[in-house]
Structure formats: C-alpha cells, structure tokens
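**Student:** First the structure, which I've put down as structure tokens, then a few questions once you've had a look.
The values are calculated or read from the model by the stated rules, or taken from the named source; none is laboratory data. Just so we're clear, the structure is a prediction, and the values are computed from it rather than from any experiment. Cβ sites come from the backbone with ideal geometry, for glycine too, and all protein chains shown count toward neighbours.
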Ligand code: 9D3
C-alpha cells in the first residue's frame, strides 16, 4: 500500500514512521510512505498556502488551489482504489472499522488540515472522506495522519504476520468499539516492590488461567469502559 501525506510540516514525519512496526514494514517493501510539502504547489514569492476566511473570523484557512494541484499532480488519473482523506476536527470519528476498510485501498492520500481549517471545497469536491481522530482539539492534522497511517499499516498483509487481509478480517481486534477490553498482563518479577503477580498465572493450570483472564477482562471493562458492557 502507498500512503501519501500532504502537509505544510514535512519534517514532522521524520519521527513517527522511523520506528517499530511501520519502519519494518517500509523496509520490507510492504508499504511506502511519501511525504509531500503543500508549498511545492504554490507559485507566489511567499509560497502562500493560507488566506483570511470569507465573512470574517479569527485565524486563517488553508487555500483550496494548492491542495487540488497537489492531488492532481500526485494522481494525474485517479483510480477508484486511490482514496483522499481530509483530516479535520469536523470529520467522522476514526475507529478500527474505518482502519479495516481503508486497509483495502491501494493508495491513501492524507491531507493535514492546519490553522482554523481548510477551504470547504476540499471536503466537498476533492476528499472521499473527512476524518477526525477524537473529540479534542489538535493544532493540525499531522498527528492525526500519523495515527491513521500506523493503524492502517499494521493491518496490511505480511506486516504483523497477517497472512492475507481477507483471511484475517474476521479475526482482527476491534480497537474496542465492541467486545471486551484485553485482559490485564503481568511479567517477571513475580514480586515487584511487594506487589505480587496473580498466583493463578504461575501455576500452569491453563483452564484456570483462561477463566481468570475472562473474569479480569470483564471486571476491567466494567470499570474503565462501562459503555462496552451490554
Ligand atoms: C474555533 C474552533 N476551532 C479551534 C478551537 C476549530 C478547530 C480548527 C482547527 C479545531 C481544530 C483544528 C485543528 N485540528 C485538526 O486539524 C484535526 C483534528 C483535531 O483537532 N481533533 C481530532 N482530530 C483531528 S484531525 C485534524
């Protein structure tokens, strides 16, 4: 899969994709991440990407033209499995089901919003979807784009030993829009500062361990995520 990220802060992405699962998947050729500087599609002396909002308001708005020119030059002929996603605070909430769906595309182009927002013609006439990563205020779409790339990348065939996306679809974890939270985990030492790992996990009785994990997953879900209890 090819990910494109369109941003006014290309340096931002030197960090997030240089480690762990995403880095290994890139090195293995399972995915490619191409960072594009929005200012490359401006033609004035100051490489202007923003302007004042019509109707008057606080702050600045990202202009439509550089964004349209960027997408049209990245994909001169856009195919049905090349999807444009606008990251904005007004978007539909990102979740594991959205990630699963996006992982079936050939290419994703993520547009990072900035300032007070993006000219609405991008959402209306260019983006296939508008996505937010949660109900809190970020300074821009860059962190959100990194979240989407990470979440989608780990679903791709071969990335986590996924055989094929189809075979693993029914098997993929939910990110907890449904079902229970994972059970709690412990590792060595069995006694850390007087806090003991549960004895049952040390005794090798696998039926008892299975029941313990089921019970503690339920208890933790009820306590931390009562919204998941039905
Ligand atoms: C006046 C109201 N706003 C400022 C407090 C609206 C607003 C404008 C621009 C809020 C956030 C932003 C910048 N955020 C994003 O571009 C963004 C975002 C987010 O803020 N939260 C969750 N997901 C996303 S994806 C992109």
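Rundown of residues vs (1) in the same structural domain as residue 138 (by TED's automatic domain parsing); (2) part of a helix (DSSP H, G or I); (3) without any contact (Cβ under 8 Å) to a residue 12 or more places away in the chain; (4) under 20 Å from residue 108 (Cβ atoms), yes/no style:
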residue: 58; (1), (2), (3), (4): yes, no, no, no
residue: 69; (1), (2), (3), (4): yes, yes, no, yes
residue: 72; (1), (2), (3), (4): yes, yes, yes, yes
residue: 77; (1), (2), (3), (4): yes, no, yes, yes
residue: 83; (1), (2), (3), (4): yes, no, no, yes
residue: 88; (1), (2), (3), (4): yes, no, no, yes
residue: 92; (1), (2), (3), (4): yes, no, no, yes
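**Student:** Only residues that are within 28 Å of the chain's Cα centre (by Cα) and surrounded by fewer than 14 Cβ atoms within 10 Å (Cβ to Cβ): list them for the range 27-47, please.
**Tutor:** 27, 28, 29, 32, 34, 40
**Student:** Something else now. Condition check: out of contact with any strand residue (DSSP E or B) (no Cβ under 9 Å at 6 or more places or on another chain) and crowded, with 16+ Cβ neighbours inside 10 Å. Does residue 82 satisfy that?
**Tutor:** no
**Student:** Taking helices (runs of 4 or more DSSP H) that do not extend beyond the range 115-230, which have at least 1 residues that are farther than 24 Å from residue 7 by Cα? Explain how you work it out, then say what you get.
**Tutor:** Details: elements: 120-125, 142-153, 165-168, 206-224.
Those helices (runs of 4 or more DSSP H) span 165-168, 206-224.
**Student:** Quick one: is residue 141 buried (at least 22 other Cβ atoms within 10 Å of the Cβ) and either within 11 Å of the ligand (Cβ to nearest atom) or not assigned by TED's automatic domain parsing to the domain that holds residue 26 (or both)?
**Tutor:** For residue 141, the condition - buried (at least 22 other Cβ atoms within 10 Å of the Cβ) and either within 11 Å of the ligand (Cβ to nearest atom) or not assigned by TED's automatic domain parsing to the domain that holds residue 26 (or both) - is met.
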